[in-house]
Amino acid sequence: MAKRRIGVLTGGGDTTALNATLKGIALGAEKHNIELIGFMEGWAGVLSPDTEHPTWGRYFKLTSDMILANRGGTILGSSRTNLLKIDGGLEQAIDNLKSLDISGLIPIGGDDTLTVGSTLAEHVTTTFVTKTIDNDVGTNASENGPIDYDAMLNYFCPGFPTAAVRTAQFAADLRTTAYSHHRIILLESMGRDAGWLALSGAYGYADIVLIPEIPWDPERVAQVVERVYREQGYVIVVASEGLRYPDGRRLSEIEATGDTFRATKAGGCSEKIAAILKDRLAKPLKTEAFNHIIPSYLCRCGSPIPVDRDLAISLGRAAVDAIVAEQIKYVATVMRAGDKLHAKLVPMDKVLPRDDKDKVIPRELDTRFYDVAKLNISDAGLEYFRPILGERASAYRLPTMEIGQFTAR
């Protein structure tokens, strides 16, 4: 009897936890004596090559010894290929998977990758693992009554914890330059539709956090920046790349080349905000030191932090267990139970809500985690991050100085 065979692919942007997820899937497959096939470059891997795309349709036997869980990125490669927008793409994928005798498929990705996967799941046995540093796949706890953290479906997406640590560290580290030169620094975080990653900057004691869920109000932001600058002589602002005007338009977008899911992508709002603030505040604050920083790929490269790596491995194992148990159309999610985080299989329809066009709806930041009055994290938000990032470090404060000054001539 032929050995059972399943497949896996990674789509969308890379994260630090993708290889860890692949490691868990490979270990799970070996535990159940299943052959694992890795498809290269996301959904392109299950399509047939043609003259324009000669590298499509590549695959290989994937084993656990090939994968380093502490190594970021994905050895399968990735792409933003939307097989639903390719003529006959879905049919090609189904036929190609059948030709390899693939009895189950595990797509790993964010809302775009999983939108395709949820459609393919109508034809091929499929179980999912989420992946996005934006943390925008899953559902929040009910807004009725106190916040129930244990009721969040997919507490975080693998890749997010490491990116959150990096963002918090960037905010903390930039403070040394800010206070040394009395600068107002705009740190731009990823987050096309949601402010989860921007909010993690508050763990590094960012003075102000700006998120897409709260419309851009330049007057209000300028007021808070001016107040903080007068109080301490410098300001750190973390702004999500997806920041929006009240009418829903993003402050800044750029062309998304090589992306068959969308024509534009968010990015560059920090430069625009710095210019707006400089125009409003340079004279009253007597400073020209308005700067912007876009860490971009620095948040998604390198090695995962332990909680990210270990839970990603657990999620990969759980996805294989789901296929073996014929729990099709399930998602391997991170769940919270008290102070502990663990992997759990949850039906796809509960984790991946879809709109009337069958597209997965991105999860927004739970705005109870944000203090609108302070433009910063709330106590509830700090509690959300605690089991992921650990206890928040103490804030650094400049020492009290008895400063003398020469008399003006």
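In table form, for the structure just shown:
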{"item": "Mean residue ellipticity (222 nm) of the chain, computed from DSSP H runs ≥ 4 via -39,500 (n - 2.57), nearest 500", "result": "-10000 deg cm²/dmol"}
{"item": "Region 264-409 - convex hull of the alpha-carbon atoms, volume per residue in Å³", "result": "239"}
{"item": "Charge tally in the Cβ shell below 14 Å around ILE211, where Lys, Arg are +1 and Asp, Glu are -1, ILE211 excluded", "result": "-3"}
{"item": "Proxy reagent accessibility, fewest Cβ within 10 Å first, across THR167, THR177, THR139", "result": "THR177, THR139, THR167"}
{"item": "Non-local Lys pairs in region 1-140, i.e. 8 or more apart or on different chains, that have alpha carbons under 17 Å apart", "result": "8"}
{"item": "Relative packing of peptides 24-33, 235-244 - highest average C-beta neighbours within 10 Å first", "result": "235-244, 24-33"}
{"item": "For the chain, built as a Gaussian network whose Cα springs stay under 10 Å, the top-fluctuating residue of ALA141, ALA282, ALA373", "result": "ALA373"}
{"item": "Average projected area [Cα convex hull, the chain], square nanometres", "result": "22.9"}
{"item": "Antiparallel bridges, percent of DSSP beta bridges restricted to the chain (to nearest 5)", "result": "40"}
{"item": "Only Lys, Arg (+1) and Asp, Glu (-1) charged, at Cβ; the chain dipole about Cα centre in debye", "result": "880"}
{"item": "0 to 90° range, to nearest 10: angle between helix 89-99 axis and the chain longest Cα axis", "result": "50"}
{"item": "In degrees, nearest ten, helix 218-232 long axis to first principal axis of the chain (Cα)", "result": "60"}
{"item": "Relative contact order computed over region 139-269 (Cα-Cα under 8 Å; 6+ residues apart), in percent", "result": "23"}
{"item": "Ranked SER99, SER296, criterion: other C-beta atoms within 10 Å, fewest first", "result": "SER99, SER296"}
{"item": "Length-normalised contact order for region 1-151 - Cα pairs under 8 Å, 6+ apart - percent", "result": "27"}
{"item": "Dipole of the chain, positive direction: furthest Cα of VAL307, GLY109, MET335, with charges on the beta-carbon", "result": "VAL307"}
{"item": "For region 341-393, convex hull of alpha carbons as volume per residue, Å³", "result": "116"}
{"item": "Estimated dipole of region 336-409 in Debye, rounded to 20 [Cβ of Lys and Arg +1, of Asp and Glu -1, Cα centre]", "result": "160"}
{"item": "Within region 45-144: Cβ-based charge dipole about Cα centre, in debye rounded to nearest 20 (Lys, Arg +1; Asp, Glu -1)", "result": "400"}
{"item": "Relative contact order of the chain, pairs being alpha-carbon contacts under 8 Å that are 6 or more residues apart, as %", "result": "20"}
{"item": "Packing-based exposure ordering (other Cβ within 10 Å, fewest first) of ARG192, ARG249, ARG386, ARG166", "result": "ARG249, ARG386, ARG192, ARG166"}
{"item": "Angle between the chain longest axis and helix 306-324 axis [Cα atoms, degrees, rounded to 10]", "result": "30"}
{"item": "Peptides 343-351, 71-79 ordered by average Cβ neighbours within 10 Å, highest first", "result": "71-79, 343-351"}
{"item": "Under-5 Å amide H pairs with ILE37, H placed in peptide plane, nonlocal only", "result": "ILE6, GLY7, VAL8, LEU62"}
{"item": "Rounded if a/c under 1.5, otherwise prolate or oblate - region 1-71, Cα gyration tensor axes", "result": "oblate"}
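Where a number appears in this text, it was derived from the coordinates with a stated rule and is not lab data. Source: prediction; values computed, not measured. All Cβ positions, even for glycine, are placed from backbone atoms using ideal geometry, and neighbour counts span all protein chains on display.
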